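J.: Next up is a structure, given as structure tokens.
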Amino acid sequence: MSKKKDINTEELILNAAKQVFQKKGMTGARMQEIADEAGINKAMLHYYYRSKQLLFEAVFKSAFSLLAPQLNKVINAKTSLFDKIESFTNNYISFIITHPYLPNFIIQELNRNPEFAKKLLAEKHFPNIDNFKVQVEEHIANGIIRPIKAEQLFFNIMALNIFPFVASPLLKGLANVDDETYKKLMLERKTEVADFIINSIKVIK
């Protein structure tokens, strides 16, 4: 019974932390606010997580454990390269709209703590692009896409998907749009990004 209660309390804390981190980000979030959101006292929160950093990492790991297998499955699926680009973009953007704090957290942690990259790489379902590389070379050899390094193509896919979320305050200002309009633009990018990348590499016959 005690073990079940501990698990339920921890889930309650992680859900509360997720809500606060989404609203305030890592820097703006306060442990007291997270405790209030979870309906527990601050001492109880510190019993489970000694610091905000450890709590943020736990929230991140929980979300990443859901995203990574999805992306890995898409990358290694036995589908065409174009289908993979479309599925990857759709899955990634859908997920980040639900977990908007993740891209900035990753960037901040990589800049602040290089060891964080090792933690990501050690994750069980961290995406592996070896099959993707082989498929790109096959598509080039068969005249389906123009010559491009698989790594560069993958970087382009990641950059076009990630940047609008990392730089959202800047882009909202430049485009002069509100939060709701910006969210609609992000939803449109599920197809816009994939179409842009595919059209940039596809050989027209």
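J.: Is it the case that some residue within segment 148-170 is assigned to a loop (DSSP other than H, G, I, E, B) and in contact with a Pro (Cβ under 6 Å, 6 or more places away or on another chain)?
T.: no
J.: What about Leu81, is it under 20 Å from Met26 (Cα atoms) and not aromatic (Phe, Trp, Tyr)?
T.: Against the criterion (under 20 Å from Met26 (Cα atoms) and not aromatic (Phe, Trp, Tyr)), Leu81 does not qualify.
J.: Applying the selection to segment 114-139, what residues are open to solvent by 40 Å² or more (accessible area, probe 1.4 Å) and either closer than 19 Å to Lys205 by Cβ or in a loop (DSSP other than H, G, I, E, B) (or both)?
T.: Pro114, Ala122, Glu123, Lys124, His125, Phe126, Asn128, Glu138
J.: Cβ-Cβ under 7 Å, sequence separation 6+ or interchain: first residue in segment 19-31 and free of Cβ contacts under 8 Å to residues at least 60 places away in the same chain, partner acidic (Asp, Glu). Which pairs?
T.: Gln19/Glu37; Val20/Glu33; Val20/Glu37
J.: Tell me which residues, restricted to segment 177-198, are assigned to a loop (DSSP other than H, G, I, E, B) and either exposed (fewer than 12 other Cβ atoms within 10 Å of the Cβ) or at pLDDT below 95 (or both).
T.: Hit for segment 177-198 is Asp178, nothing else.
J.: Wholly within segment 1-79, which helices (runs of 4 or more DSSP H) include no fewer than the required count, namely at least 3 residues that are open to solvent by less than 50 Å² (accessible area, probe 1.4 Å)?
T.: Counting at least 3 such residues, we get 2-28, 31-38, 52-75.
J.: I would also like to ask the following. Can we say Leu174 is touching a residue at least 40 places away in the same chain (Cβ under 8 Å) and in a helix (DSSP H, G or I)?
T.: no
J.: Asn90 versus (1) modelled with pLDDT of 85 or more; (2) open to solvent by 60 Å² or more (accessible area, probe 1.4 Å); (3) farther than 30 Å from Lys133 by Cα; (4) assigned to a helix (DSSP H, G or I): which is the lone unmet condition?
T.: (3)
J.: Being farther than 19 Å from Lys78 by Cα and surrounded by 13 or more Cβ atoms within 10 Å (Cβ to Cβ) is the filter; apply it to segment 140-156 and report the residue that is farthest from the chain's Cα centre (by Cα).
T.: For segment 140-156, the residue satisfying everything is Ile148.
The values are calculated or read from the model by the stated rules, or taken from the named source; none is laboratory data. Everything numeric here is computed off the predicted structure, so don't read it as measured data. Using ideal geometry, Cβ is built from the backbone for each residue, glycine included, and neighbour counts are taken over all protein chains shown. Note: areas computed on protein heavy atoms with side chains; ligands, DNA, RNA excluded. Shrake-Rupley method; radii C 1.70, N 1.55, O 1.52, S 1.80 Å.
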